[in-house]
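Comments concern the structure below.
What follows is calculated from the coordinates using simple rules that are stated; it is not laboratory data. Remember, it's a predicted structure, so these values are computed and weren't measured experimentally. No Cβ is skipped: glycine too gets one built from the backbone with ideal geometry, and neighbour counts run over all protein chains shown.
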Amino acid sequence: MKIRAMIAEDERLAREELKYLLEQEEVEVLPSATNGLELLKLVEEHEPDVVFLDIHMPEMQGLQAARMLSSRKKCPLIVFSTAHEDYAVEAFDLDAVDYLLKPYDHHRLKQTLQRIRNRFRETDAHENAPVSAQASTKVSKLLVDDGERLIVLDPETILYASREERVIEIHTKTQVYTSKMTLQQMEEKLNSYSFYRTHRSFLVNMNYVLELIPWFNGTYNLVLNDGKRTQIPVSRSSAKELLQRLQR
């Protein structure tokens, strides 16, 4: 497919470099924006397939512009471009296709364009699928900001997550990761999987539940089938729904 791309970049040399590289890949480059406000107007006028969006721009930052674009009925795909790695997690939270670092690498840009084409193929397949198939669509991976690293986890490998002060700990069978996302955010990302909030501080993968042990005053301890028989508290307010889910 012919990709129609728009560049939002306030630095002329960076803008021209990216335009040149995109045209080498037979991408149609639409008029470019030099700030976030100009970008919003140009997107309304030209409706690009994808926007290559600089994070630091005058008048309106790239992240803010991306949030506003996401509210459109027809939102273009977003690829963030920046000289800094600090915003990677926030960028992916906005469902960005990719995150390109300056100076641009041609091979890396080719990978980005392949991701864009894959995303369009997935969208076409989803729109043409039966309603029942669409309802079962899942996120395939979970992006976790573990300190200075970005870790990609398979949700099926996660045993549970727990809140520890200002971070959460994500436990798999082999390792524990920390993340600044909240349990609520994690629960929303994994809502198509068998995770359940047993307690305000715990999110559990129901596929690893071994047994429930009555505790006191209507509460329980949930035992995991993880080799260590880890026990997770179940609050009284969560116990009834949990029991109903386990009986289905």
Chain lengthening between residue 83 and residue 67 when straightened (0.36 nm per residue, less Cα-Cα): 3.7 nm
Cα gyration tensor category, rounded, prolate or oblate, for region 4-131 with a/c compared to 1.5: rounded
Globularity index of region 142-246, i.e. its alpha-carbon radius of gyration over 2.2 N^0.38 Å: 1.04
Those trypsin sites (Lys or Arg not before Pro) in region 1-74 that DSSP places in a loop and that have at most 14 other beta carbons within 10 Å: 2, 72, 73, 74
Stretchable slack from residue 17 to residue 111, in nm (0.36 nm times residue separation minus alpha-carbon distance): 32.1 nm
Given 110/141; 41/180; 19/41; 189/240, the pairs whose alpha carbons are separated by over 29 Å: 41/180
Largest-first ellipsoid semi-axes for the chain, taking √(5λ) over the Cα gyration tensor eigenvalues, angstrom: 42, 19, 16
Fraction of antiparallel bridges per DSSP, the chain only, in percent to nearest 5: 65 percent
Sites residue 188 and residue 28 - FRET efficiency at Förster radius 30 Å, r taken between beta-carbons, to 0.05: 0.25
Cα-based Rg of region 138-198 normalised by 2.2 N^0.38 Å, two decimals: 1.01
At R0 = 51 Å, FRET efficiency that the Cβ-Cβ distance of residue 221 and residue 75 yields, to 0.05: 0.70
